[in-house]
DNA sequence: GAAATTATCCAAAGCGCTTTGATTGCGGAT
DNA sequence: ATCCGCAATCAAAGCGCTTTGGATAATTTC
């Protein structure tokens, strides 16, 4: 019935044991110079009294925060999005495993730099993960000048040599997917892309455009959209495309989320995915949506998709960051993952009656 | 060019100013007994040198962590789900506003109790938010015995008097929605519910069942499902329902996520929502999905829905928790919100050819 | 048997802040 | 002049931990 008992601290514990604080601390932290018999006594007592070292005291003494910061930029009508949260789930698993804390800051995008300054000068975190990198992102020089270790989820530039990052080969994924559609006879392919201020969206477009150019597909600016990857966006963009004068026969979508909007719009137009219009989505293996292949083996996934688990990326990013914090002098760690191309039910040959004629001068090589 | 300059601490700052640490500290923390001229000098210097008090030192000295903990239970095939993350986004806004940190722990559900013990004994947080309350949830007595302030998102029991919570009137929402469908002539209504170990799902079912009983609707256990609220679940459940011998004419769905799966299954069966089968979803106003009414005024939402913003709930829960931390002796704070019933495009009168006959003895009250 | 290790343990300093309990001037009341 | 009160400042004591630099006793080494 010892309700709200004082939390026992190191001093009390050592008094109870008749040992010095030094010895107790060392016993618990696994130092070799303490007798195993003593250590066992200490550990048992700590367990029994539910002693755990105060986080702030420990971090004041060691200078380590044992925490990683993540900034959730709060744009006007968007907040924490599901891609983001799946990434966090993965990263969080790793942190928990290694005794690190995960700090989340939800702030207006403008204030992000200030958060990093706060993190650094108050010693709140030992490192951060940078989300949604822009081309030539100002955050990188800032973090470097603050001396705060970081890993970028994505890349900020073509070189990408002097910092750690983990990324999917977005250009190749969209290159392959577009090529696959072209192989199926599609010549008028739309791209419902993410926000192109984000570097990854830029790369995806490059992959798409490379195939359009190489194969002489319809290069119509009206076929390309760029916005935040949410369901209503896909719905609206697909609506425009399908109501337009020359609807595409295939659509590439930057995430499963807008892809669901696309399918919804198609249903309203009486079109069936895979037969009337083909759809390929980039699938981050979001845990709460269709098409994340884990488990359900045997089932043909709904979406044909470029697939790469964003949660797995979160895990890996966390690992890379922790490695870097433990051994700060190593070279930057870089990892480029290839997305799988998984065939589902939303792609098929271009319907014969909707083939656009191949321009004469582009028919070959 | 002062790269990686030592972070300036209170002692250095006070030396530079020719003042004692006491005065500098008080100046920065707004104590009245310091000369305004001095305070201005101090503030200016702090600003210029980018001084901010070390978080761990401050929290060691004050005994306050200035942090709130959230535990993300990691069940077998589910992780951080979008409902959860939208709630976090809301809570995080408030924390940031009041200078609190948000700690996220991603752990196996079994270990949740241990996390709370860790939080408490290491003084990591000043309070926690309890997510996904079960009926008679063991976390509440634990948190009480640990003396850790908390707010529950939802309720754990019928009384719900001796702890703080914020909840939606789930029973009434589902009571109203079911009644609305009955008014439209539907007599065979399915319920695709959340996991009924969760207290909220239980309440939703009660609301549904009350109408079924009162109005003498088909009370077929095959019409009720209970699982984690993800898209594929809705797809699968609706598939079963629609392929069965007596498909329902209306479906209640516990979240927009499975509701999208329901719509997908309907499309495959060649059924149009609102005409062939009515669908009402509980809409948490998830920021990345259709049907969150903010902004897009004038548009008729897709789903007919019971709507209550989970992000707003996150904001409010955070506020309640902070109030409670500041003034620990007040009575528990409780708040029950009513969901709106919003008419969209997915409901309509029961098709004439599919009306089930009203049993003779239940035709009237 | 003296000196040098080795195995254990400890006292005390320090991490950077907040806060308690003085201390110093100084103008106004006595 | 003397005392009081007020405004402004400060020295020093923690907060609870880690870690440095010894101690002390037991064990080897020569």
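Comparison of B:52, B:26, B:39 shows that the only residue that is more than 7 Å from DNA strand D (Cβ to nearest atom) and either surrounded by fewer than 17 Cβ atoms within 10 Å (Cβ to Cβ) or within 25 Å of residue B:126 (Cα to Cα) (or both) is B:52. Scoring residue A:152 on the criteria (1) farther than 27 Å from residue B:53 by Cα; (2) at pLDDT below 95; (3) crowded, with 20+ Cβ neighbours inside 10 Å leaves a single failure, condition (2).
Scan region B:189-199 for residues that are part of a loop (DSSP other than H, G, I, E, B) and in contact with a helix residue (DSSP H, G or I) (Cβ under 7 Å, 6 or more places away or on another chain) and the total you get is 3. Could you please find all residues in region B:224-258 being free of Cβ contacts under 8 Å to residues at least 60 places away in the same chain and closer than 23 Å to residue B:307 by Cα? Hits for region B:224-258 are B:224, B:225, B:226, B:227, B:231, B:232, B:233, B:234, B:235, B:237, B:238, B:256.
All of (1) surrounded by fewer than 17 Cβ atoms within 10 Å (Cβ to Cβ); (2) part of a loop (DSSP other than H, G, I, E, B); (3) away from DNA strand C (no atom under 11 Å from the Cβ) hold for residue B:65 with one exception: (1).
When you look at residue A:62, is it under 27 Å from residue A:123 (Cβ atoms), out of contact with any strand residue (DSSP E or B) (no Cβ under 7 Å at 6 or more places or on another chain) and within 11 Å of DNA strand D (Cβ to nearest atom), yes or no? Criteria met by residue A:62.
Here the strands (runs of 3 or more DSSP E) wholly within region B:82-184 that include at least 1 residues being within 12 Å of chain A (Cβ to nearest Cβ) and away from DNA strand C (no atom under 16 Å from the Cβ) are B:101-108. Among the conditions (1) modelled with pLDDT of 95 or more; (2) more than 16 Å from DNA strand D (Cβ to nearest atom); (3) surrounded by 15 or more Cβ atoms within 10 Å (Cβ to Cβ); (4) more than 9 Å from chain B (Cβ to nearest Cβ), the only one that residue A:44 does not satisfy is (3).
Hey, among B:20, B:25, B:59, which residue is at pLDDT below 95 and either within 14 Å of chain A (Cβ to nearest Cβ) or within 8 Å of DNA strand C (Cβ to nearest atom) (or both)? Break it down stepwise before answering.
Details: B:25 fails: at pLDDT below 95; B:59 fails: at pLDDT below 95.
Going through B:20, B:25, B:59 in turn, the sole match is B:20.
The values are calculated or read from the model by the stated rules, or taken from the named source; none is laboratory data. These numbers were taken from a predicted model, which means no experiment stands behind them. Here the Cβ is made from the backbone with ideal geometry for all residues, glycine too, and neighbour counts use every protein chain on show.
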